[in-house]
Structures are given as structure tokens and as C-alpha cells.
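The values are calculated or read from the model by the stated rules, or taken from the named source; none is laboratory data. If you're wondering where the values come from, they're calculated on a predicted model, not measured in any experiment. Heads up, the Cβs are rebuilt from the backbone with ideal geometry, glycines too, and the neighbour counts pull from every protein chain shown.
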Amino acid sequence: MLKRYELPDGFEGRERWIDLGTRFRRILEPLDIANFYRHSKNEETGAYLEGRARPKRYRYTQRWLEHAKKKPVGFYSESCFWAEVEEQTRKLGQSFDNKIVQLEKDILRWVGERELGMDVFLEESTFVKWWNKLPQQHRSGSCIAMYMNR
């Protein structure tokens, strides 16, 4: 219905659908991201967040929420957290990127707003493994160090 433009006017602005779309995105998108990188699709199409790799079903529902809350594009990208971690893991050792600092700021905001669960800080998670490979100097001064040193 979305592709054929058969949705009623104002559909994307209804609070119930925004909430359902957000929950859908937060539950399923991390699974799609894991599948994307497990099958090395990033080698064929590029990074999940760049270009057309991210499915429209997630982009639309994210846009609905950002529009309803009057936030800039990308503000509610917590469901893409694992894609960011995967990309940073692949870039590790090349050059220290400002995206790392921005990702840490986003994590701090998402955890504070309870949009990202504390399970990402579990010892064997991909995120913690990536974090432990960062330079000690950066880790000690990071804004999320308090969560990592538990």
C-alpha cells in the first residue's frame, strides 16, 4: 500500500501509527542489520546506512517520527546503532573518525532517553568488543566511559 500510494491522507501523522512504526523499526531493523552484515552484503552494496541498502520500510517510519516530533533527519536513528558499530569495526585501525565521537554522544542520549537498552554493554557484545579495541586514551576520556567500566 505504501509503494502504491494507497494510504489515506494524514496516515503518517497519526500517533498510533507512528508508535507502531517506531516499535516495528526498533525490533526488526537490528535483525535485518545483523543479516546484512552476516551475508557480507556491505561488500556488494556498500554500508547499510549509505546509498539504498537500508529498506524504505525503516526510513519511512523513522521519518514519520522525526516529522511528528519536529526533529532533524537522523535524530531517531537508534535502530541503526548496530550498523554504525559494524561499520566502525570494519574501519578500526584506519583513521580515528569523528563519527566515533558522534556515535558515543548519540549512545549517551539514547540510553538517557531509554531508546537503547543496557544490553548493548554486555561483555561479549559486538559493541563492547569494538570499544575495547579503541585506544586507551580515547576510552578513558569518552562520554560513555561510565557505562563501559561497570
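Of the candidates 57, 52, the single residue that is outside any helix (DSSP H, G or I), touching a helix residue (DSSP H, G or I) at 6+ places or on another chain (Cβ under 9 Å) and among the charged types (D, E, K, R) is 52.
Right, residue 95: at pLDDT 90 or above and either in a helix (DSSP H, G or I) or small (Gly, Ala, Ser) (or both) or not? Judged against the criteria, residue 95 is not a match. Checked across the range 74-85, the condition of being closer than 15 Å to residue 115 by Cα, free of Cβ contacts under 8 Å to residues at least 24 places away in the same chain and among the hydrophobic types (A, V, I, L, M, F, W, C) holds for at least one residue. When restricted to residues that are over 18 Å from residue 74 (Cβ atoms) and surrounded by 12 or more Cβ atoms within 10 Å (Cβ to Cβ), the range 33-51 contains 6. Assessment of the range 114-130 against the conditions (over 12 Å from the mean Cα position of the chain (by Cα) and farther than 23 Å from residue 30 by Cα) yields no matching residue. The residues listed here are 87, 78, 104, 66; of these, the one that is in contact with a helix residue (DSSP H, G or I) (Cβ under 7 Å, 6 or more places away or on another chain), surrounded by 13 or more Cβ atoms within 10 Å (Cβ to Cβ) and among the acidic types (Asp, Glu) is 78. If the condition is being under 14 Å from the mean Cα position of the chain (by Cα) and closer than 15 Å to residue 33 by Cα, then the range 54-78 contributes 54, 55, 58, 59, 77, 78. If you go through the range 60-92 and keep only what is farther than 24 Å from residue 42 by Cβ, part of a helix (DSSP H, G or I) and of a type in the set (Lys, Arg), you end up with just 69.
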